[in-house]
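See below for the structure under consideration.
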Protein chains: 2
Amino acid sequence: MAEDFKVTPWEVTGDIDYDLLQERFGTTPIDGALLDRMSRYGEIHPMLRRGIFYSHRDMVRILDDYDKGERFTLYTGRGPSGNTHLGHLMPWIFNKWIQDTFDVPMYFQMTDDEKFLFKDLTLEDTKRMAYENALDFAALGFDPDKTRIIVDTENIDTLYPLALKVAKKVTFSTAKAVFGFDNSTNIGSIFFTAIQAAPAFLESEIRGRPVPCLIPCGIDQDPHFRVTRDVAPGLGYPKPSLIYCKMFPGLSGGDKMSSSDENATIYTTDGPKAVRKKVGKAFTGGCVSVEEQREKGGNPEVCAVFKYFYYLFEEDDSKLDELADSCRRGEILCGECKMRLTERINVFLEDHQAKREEARDIVDSMAFGGFEWNKEAKR
Amino acid sequence: MAEDFKVTPWEVTGDIDYDLLQERFGTTPIDGALLDRMSRYGEIHPMLRRGIFYSHRDMVRILDDYDKGERFTLYTGRGPSGNTHLGHLMPWIFNKWIQDTFDVPMYFQMTDDEKFLFKDLTLEDTKRMAYENALDFAALGFDPDKTRIIVDTENIDTLYPLALKVAKKVTFSTAKAVFGFDNSTNIGSIFFTAIQAAPAFLESEIRGRPVPCLIPCGIDQDPHFRVTRDVAPGLGYPKPSLIYCKMFPGLSGGDKMSSSDENATIYTTDGPKAVRKKVGKAFTGGCVSVEEQREKGGNPEVCAVFKYFYYLFEEDDSKLDELADSCRRGEILCGECKMRLTERINVFLEDHQAKREEARDIVDSMAFGGFEWNKEAKR
């Protein structure tokens, strides 16, 4: 039962038991002591306070080094297989908070090669999506002087020598055990983890000395970074540290918002009507009738609408508690709650979409090594 | 017994039965009809006449297309793991003859990534060797306007998208069966065949239409090109044609000159004394005493010195026959024969070494995409 879920970089299915997942992967819970420690650098982000970013590897070392004056480099990424949705923005928003709080440079890797290899997409598709996704990333306000976007096929000249060094140290046995590959896996997919490892070592390589690296991302990416960490010492690079979040929930009540269910997925380019319609159909913790709900109250624990407030759309803890309480007491009904969320999302998206348009110039300046974004993709 | 040999792109051991190898690989013998056909384009090269280039795949299609006015692109390569020796030059000399005879462009791929992945060498080592090997290649007089040298790590931006398309179509099963990989093989080595496939499709990709490709090389490379040919139709590229040679013999009597036996290997940078010494120690078909040899004669069939005349240093068939006859009759002894070969090799190398120095400017102009050869390597 509790085992009935699967989390890999390419597939997330079932009801995820995040504690069990942490145990399986061997990552460390983010506890009160670590939160206290992190509060020294700035007000703790709600995603930390609420246990959305909930697990880590070697976060303490990153902070110890930082206290000694050694700045880390941030690294996260995106597999550009489709339009950006709210679930993609969530960890990027957290990355932005880390960049602001610690004033550190960052690499954002777009794995257009990965999505070509693992999905039924052409390289032209994934490159075009990389550009579209980059606009959403840049719209969040990362420091343009300190942030560089890597597109694998555009920056392969830089990544490849690093990836070769990684690949030489990883056997098929390891790839099989870590990713669940078998004899039918294509040889590009088998090699790919070496490309995802490369940016973790890039700053050390460029500076010619060990530079700590922190990777905030979804916990589904841990298999890649276990491999990256295992090979690091043999290559003379520091093991990257990781801070992991849970998957952003789907509107239909699933554990992960997924592009495969378009109606339960809110894209960054959705208009107000689409958002209203999608939120309107969301899975809630309400009862079958208004009368029953007024009497028995709703259940925010299982409600997708409540999760949206919790994950992204209500930063104020007391207001969030108030909402949960009034739901449990049957004071607020699902319709009203959905209207409130729709309003919040639409306000957010209106602002985001404006910034997304402004980001067209910014992504040019963020292109690692000054590559030119695919002209057709720019329209 | 006859099965007691192994030929892969990375290992050649035992006494090679070339007919059996051809059967195992499924390649086609070069017969009299094909030689006749090829003689229409120019005087047949001694390596063809003597069966050194002895096997092929789809050579007839290349000639049919050529007759219709469709020029092919030549492609061959080198894994830069050490200094160039005579065994490396042999197929390049044949490539030069093809370029001259058919007036065609050529790509020469230096797989510095491969040698890094498969051997105990650094990328700096293999890149440095790529430059040294390129000097030997260019010294042979390829048309600088029609010849481009690819170094994998320098030209990965061009190769990688092609390699990804290949890799997506090759499973680990296939790689295992074709190359004998197992679970302990590193993931870079598993991916590598996709990089070696890429130049076969490069001209078609650049011109945006199918361009035939001919690859003259050692038959040990056939596993790579079986894979390349299998995926070609699915990618919309023509299957490359192949023309294969036997391995250049070692001076110690082995079936392949190998850098692992330095004293039985003549490098292109060897001086006259080194050559005399190495040839002096060569394995011959002579008898234990002068008297016995005068009486019974020698055996040119097993003699490494005779093989050198046969493969590279006596183009005149009648003179070669004369030499074999006078050996069998006991008229010429091993010492004299070795002196003649030493002289021939030294004359060749003196000229080659002068051209090798002149080639320093040429290799710059041949660098694919205009990359700059590694400065440290230039000394």
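With 10 angstrom as the radius, rank B:Ile195, B:Ile362, B:Ile187, B:Ile44 by how many other C-beta atoms surround their C-beta, starting from the fewest.
Details: B:Ile195 24, B:Ile362 19, B:Ile187 29, B:Ile44 16.
Ranked by crowding around the Cβ, least crowded first: B:Ile44, B:Ile362, B:Ile195, B:Ile187.
Hey, what do the phi angles of region A:165-175 turn into as Karplus ³J(HN,Hα) couplings, whole Hz, using 6.51/-1.76/1.60 and θ = phi - 60°, x for Gly and Pro?
Residue by residue, region A:165-175 yields 5, 5, 4, 5, 9, 10, 8, 4, 3, 5, 4 Hz.
Could you pull out the GluC sites (Glu not before Pro) across region A:1-37 that fall in loop regions by DSSP (anything but H, G, I, E, B) with no more than 10 other Cβ atoms inside 10 Å? Display every interim value, and only then the final one.
Working: sites: A:Glu3, A:Glu11, A:Glu23; in loops: A:Glu3.
The qualifying sites are A:Glu3.
How would you rank B:Phe192, A:Phe72, going from fewest to most other Cβ atoms within 10 Å of each one's own Cβ?
Details: B:Phe192 28, A:Phe72 24.
The fewest-first ordering by Cβ neighbours comes to A:Phe72, B:Phe192.
GluC sites (Glu not before Pro) within region A:263-317: which are DSSP loop residues with at most 15 other Cβ atoms inside 10 Å? Before the final figure, lay out the partial values.
Numbers: sites: A:Glu291, A:Glu292, A:Glu295, A:Glu301, A:Glu314, A:Glu315; in loops: A:Glu314, A:Glu315.
Within region A:263-317, the qualifying GluC sites (Glu not before Pro) (loop, at most 15 other Cβ atoms within 10 Å) are A:Glu315.
Give the cross-link partners of A:Lys273 among the lysines, using a straight C-alpha distance below 18 Å as the criterion and excluding same-chain residues fewer than 8 apart.
Qualifying lysines at Cα under 18 Å: A:Lys281, A:Lys338.
Tally Lys and Arg at +1 and Asp and Glu at -1 over the other residues with C-beta under 13 Å from the C-beta of A:Arg328: what net charge comes out?
-3
Give me a comma-separated list of calculated 3J(HN,Hα) values for region A:276-291, in order, Karplus coefficients 6.51, -1.76, 1.60 applied at θ = phi - 60°, integers in Hz, x for any Gly or Pro.
4, 5, 5, 5, x, 8, 5, 6, 10, x, x, 9, 5, 10, 4, 4
Would you calculate, for the protein assembly as shown, the mean residue ellipticity at 222 nm contributed by helices, counting each DSSP H stretch of 4 or more residues as -39,500 (n - 2.57) and dividing by all residues, to the nearest 500?
Values: 34 runs with 389 residues, N = 758.
Estimated from H runs of four or more residues: -15500 deg cm²/dmol.
Can you give the translational diffusion coefficient of the protein assembly as shown in µm²/s, computed by Stokes-Einstein from the Kirkwood radius over Cα pairs at 4 °C and 1.567 mPa s? Please report the intermediate quantities before stating the final value.
On the way: Rh = 29.6 Å.
Calculated translational D: 44 µm²/s.
Taking the number of other C-beta atoms within 10 Å as the exposure measure, put A:His45, A:His88 in order starting with the fewest. The partial results should precede the final answer.
Details: A:His45 19, A:His88 22.
Least crowded to most crowded, the residues run A:His45, A:His88.
Taking chain A on its own, what percent of its Cα-Cα pair distances exceed 32 Å? List each step's numbers first, then the result.
Values: 23834 of 71631 pairs.
Roughly 33 percent, once rounded to a whole number.
Just list whichever of A:Lys296/A:Lys319; A:Lys127/A:Lys355; A:Lys119/B:Lys115 have alpha carbons separated by over 27 Å in the model shown. Walk me through the numbers on the way to the answer.
Working: A:Lys296/A:Lys319 22 Å; A:Lys127/A:Lys355 21 Å; A:Lys119/B:Lys115 31 Å.
Over 27 Å apart, Cα to Cα: A:Lys119/B:Lys115.
Over 5 Å intervals from 0, what percent of Cα-Cα pairs in region B:2-51 sits in each interval?
The calculated distribution, bin by bin, is 5, 16, 22, 17, 16, 13, 9, 2.
Net charge near A:Leu48: determine it from the other residues with C-beta under 15 Å of the C-beta of A:Leu48, scoring Lys and Arg +1 and Asp and Glu -1. Before the final figure, lay out each step's value.
On the way: positive: A:Arg37, A:Arg40, A:Arg49, A:Arg50, A:Lys96, A:Lys246; negative: A:Asp31, A:Asp36, A:Glu43, A:Asp100, A:Glu315, A:Asp317.
Taking every other residue near A:Leu48 into account, the sum is 0.
What are the residues whose amide H is under 5 Å from the amide H of B:Gln109, where those residues sit 5 or more places off or on another chain and H is modelled from the backbone?
B:Thr76, B:Gly77, B:Arg78, B:Ile150
Please list, by residue number, every one of the GluC sites (Glu not before Pro) in region B:147-223 that is coil in DSSP and has at most 11 other beta-carbon atoms within 10 Å.
Working: sites: B:Glu154, B:Glu203, B:Glu205; in loops: B:Glu154.
In loop regions of region B:147-223 (DSSP not H, G, I, E or B), there are no sparsely surrounded GluC sites (Glu not before Pro).
Grab the other residues whose beta carbon is less than 13 angstrom from that of B:Phe181, score K and R as +1, D and E as -1, and report the net.
My count for the surroundings of B:Phe181 gives 0.
Which entries in the list A:Lys68/A:Lys239; A:Lys176/B:Lys239; A:Lys278/A:Lys307; A:Lys168/A:Lys239; B:Lys6/B:Lys176 go over 22 Å, if you measure between the two C-alpha atoms of each? Display every interim value, and only then the final one.
On the way: A:Lys68/A:Lys239 18 Å; A:Lys176/B:Lys239 32 Å; A:Lys278/A:Lys307 15 Å; A:Lys168/A:Lys239 17 Å; B:Lys6/B:Lys176 16 Å.
In this structure, A:Lys176/B:Lys239 exceed 22 Å between Cα atoms.
Let me check the size of region A:203-280 from its C-alpha atoms; what are the radius of gyration and Dmax in Å?
18.7, 54
For Cα pairs less than 8 Å apart in space and 6+ apart in sequence, what is the mean separation divided by the residue count of region B:262-358, i.e. the relative contact order in percent? Write out the running numbers ahead of the final one.
Details: 104 pairs, mean separation 31.8, N = 97.
Normalised by residue count, the contact order of region B:262-358 is 33 percent.
Hey, for B:Glu372 with labels 7 Å out along Cα-Cβ, what do the inter-copy distances come to in nm, ordered shortest first?
Spacings between copies for this position, smallest first, are 2.2 nm.
Using only C-alpha atoms and all pairs of different ones, pull out the Kirkwood radius for region A:51-142 in Å with one decimal.
Kirkwood radius, region A:51-142: 14.6 Å.
Let me have the relative contact order for chain A, percent, based on Cα pairs under 8 Å that are six or more residues apart.
Values: 598 pairs, mean separation 73.9, N = 379.
After rounding, I find 19 percent.
If you wrap a convex hull around the Cα atoms of region B:262-358, how much volume per residue is inside, in Å³? Before the final figure, lay out the partial values.
Numbers: hull volume 8.6 nm³, N = 97.
Expressed per residue, the convex hull around the Cα atoms of region B:262-358 is 89 Å³.
Return the average number of partner chain Cβ atoms within 10 angstrom of each residue Cβ along peptide A:168-175. Spell out each step's value before the answer.
On the way: counts 9, 3, 4, 8, 12, 5, 4, 5.
That average works out to 6.
Where a number appears in this text, it was derived from the coordinates with a stated rule and is not lab data. A quick note: this is a predicted structure, and the numbers were derived from the prediction, not measured. As a convention, Cβ positions derive from the backbone with ideal geometry for all residues, glycine included, and neighbour counts pool all protein chains shown.
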